[in-house]
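Q: This is the structure I have questions about; it appears just below.
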Amino acid sequence: MAERRFVIVGNGAAGTTAAEELRKLDPSGRITLIGLEPYPLYNRVSLPRVLQGRLAPERTLLRTVEWHAQRGIDLRLETEAAALHVAERTLELSTGEALPWDALLIATGGRPRRLGVPGDDAPNVLHFQTLDDTRRLLEAAAEARARSGAEARAVVIGGSFIAYELTEGFVQQGLRVTWLMRGDRFLRRVLPPEAGELVDAIAGERGVEVVHNEEVARVVVRDGLAVAVETKSGRRYPCDLVGAGVGLEMYTAWLAGSPVPLEDGAVRTDERLSTGIEGVFAAGDVARFFDPIIGRRHRMGTWDNALMHGRVAARNMLGAGEVYREVPTYSSPLFDSNISVLGMTPEDHPGLEAVTRVDAAARTARTLFFLEGRLAGAVLIGAPRGRKRLLELVKSGEPVAAAEREALLKGE
Ligand SMILES: Cc1cc2nc3c(=O)[nH]c(=O)nc-3n(C[C@H](O)[C@H](O)[C@H](O)COP(=O)(O)OP(=O)(O)OC[C@H]3O[C@@H](n4cnc5c(N)ncnc54)[C@H](O)[C@@H]3O)c2cc1C
């Protein structure tokens, strides 16, 4: 049989894992791995530690170019996939080269959404997605300190994880930080108000000014640099630097004109990560996949999901027909504390019943989400006690009796 040709677009966690798994299972297939960025796989989850000055940028690298060569994986860096031709079964690169494929994986992730207001293109309005973004953020923080000394100030915009990471990073870089969010609390679609108050208290202890219910109207630019953020309520927040964390848009523009199905800008797949087009799969952040645990499609933006998707997609590119069945999890530091999210949350499933227990003195908040008497998900602030048991319960779908519910809430 002729050797099979596998093409993977995107060399992040999902794409690189898929390439590795393909090589393990098919020693002779031709594997081409394409990536826009100039680096082999690096750990995005470690970027916040780089921004905090606790890790050197090069320590995030997880693979080398040689690692790919040794495995016969043709890694093409700084290379852009420009169009997918399904009838011809080729991938067109921006150089015009056409790569033939027998199976293709879309693992392109996303890029930060711009603020979409006047002034958002000033060079000190920055995002946080790549290693190069992180380097720019460090430079901009140093410039801000050089300009304004101890008064140097950053404004962070957004109510989700990346905005939090920017806030903490800037605090560690010695900047005064104002954190603006549109909603009335951090993760407003996931956390109940009491847990949001706890996050404000934790941020406040680190000197962060948290401002809710503020929507950005424009970035005020003077002499080519952002000097303030103005909100729709008419307030003005002076700054030396702006960090924007307002979500991702998926890298799917290159699929326009192809029959690959898109939903909310992401690639729609079934529970086997297949797009429904023979031989074409999607994995990681870019995939809006059918999740049999919750019985609906959703998109996950987590490292573990990207790794596990990469493995399953590779096996299915080889014809395994494997169903992806994992409870989604996300875990992140939260200043000196920690936040863990698992399973379904009201963000994906607004009808969930939520029960919360906050212990302000211990700085913990535990929220459990139930659907028809079964545990569907949880968010834990503070030590994630009993997380393993929670994961088992979500996965098994067993009914949870009242006494056990109480114990789970207390973390017993
Ligand atoms: C600062 C930060 C902190 C995070 N912290 C956590 C955390 O604590 N826990 C957690 O679980 N997750 C965290 N995440 C999320 C996690 O990093 C992502 O979910 C994961 O990296 C997604 O992997 P992926 O392979 O799907 O996509 P990506 O890692 O985004 O890789 C996709 C690659 O494809 C490339 N690409 C796009 N279009 C093209 C094209 N047309 N041609 C060629 N290449 C293309 C992109 O440039 C990119 O390099 C964090 C993310 C960031 C940015």
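The values are calculated or read from the model by the stated rules, or taken from the named source; none is laboratory data. Everything numeric here is computed off the predicted structure, so don't read it as measured data. Ideal geometry is used to build each Cβ from the backbone, glycine not excepted, and the neighbour counts take in all protein chains shown. Side chains included, ligands, DNA and RNA excluded: accessible areas come from the protein's heavy atoms. Shrake-Rupley method; radii C 1.70, N 1.55, O 1.52, S 1.80 Å.
Q: Roughly how many Å² is the accessible area per residue of the chain, as a whole number, for a 1.4 Å probe?
A: It amounts to 43 Å² per residue over the chain.
Q: Which value, to two decimals, describes the C-alpha radius of gyration of the stretch 125-244 once divided by 2.2 N^0.38 Å?
A: Expressed relative to 2.2 N^0.38 Å, the Cα Rg reads 1.01.
Q: Quick check of the Kirkwood formula: for the stretch 19-157, what is the inverse mean of 1/r over all pairs of different Cα atoms, in Å?
A: 18.0
Q: Tell me, what ³J(HN,Hα) does each residue in the stretch 177-182 have, in order and in whole Hz, if you take phi through Karplus 6.51 cos²θ - 1.76 cosθ + 1.60 with θ = phi - 60° and put x for Gly and Pro?
A: Residue by residue, the stretch 177-182 yields 10, 10, 10, 9, 9, 6 Hz.
Q: Find the relative contact order for the chain and round it to a whole percent, using C-alpha pairs within less than 8 Å whose residues are 6+ positions apart.
A: Relative contact order here is 15 percent.
Q: Then there is this: If we restrict to alpha carbons, what Rg and Dmax does the stretch 276-412 come to, in Å?
A: Rg then Dmax for the stretch 276-412, in Å: 16.4, 56.
Q: Follow-up. Tell me the relative contact order for the stretch 125-244 as a rounded percent, counting alpha carbon contacts under 8 Å between residues six or more apart.
A: 30
Q: Semi-axes of the equivalent ellipsoid of the stretch 155-218: what are they in whole Å, largest first, if each equals the square root of 5 times a C-alpha gyration tensor eigenvalue?
A: They are 17, 14, 10 Å, listed from largest to smallest.
Q: Round to a whole angstrom and tell me the spacing of the C-alpha centers of the stretch 141-162 and the stretch 1-41.
A: 39
Q: Given the convex hull of the Cα atoms of the stretch 62-138, what is a quarter of its surface area in nm²?
A: Over every viewing direction, the Cα hull of the stretch 62-138 projects on average to 7.9 nm².
Q: Oh, and also: Please compute, for the alpha-carbon atoms of the chain, the extent along each of the three principal axes and give them in descending order in Å.
A: Its Cα atoms span 65, 62, 36 Å along the three principal axes.
Q: If you count, for each residue, the other Cβ atoms within 10 Å and average over each peptide, how do 37-44, 321-328 line up from highest to lowest?
A: Final packing ranking: 37-44, 321-328.
Q: Can you give me the Cα centroid spacing of the stretch 354-412 and the stretch 235-290 in angstrom?
A: Cα centres, the stretch 354-412 to the stretch 235-290: 30 Å.
Q: Note down, for the stretch 367-410, the three equivalent ellipsoid semi-axes (square root of 5 times each alpha carbon gyration tensor eigenvalue), biggest first, whole angstrom.
A: In descending order the semi-axes read 16, 11, 9 Å.
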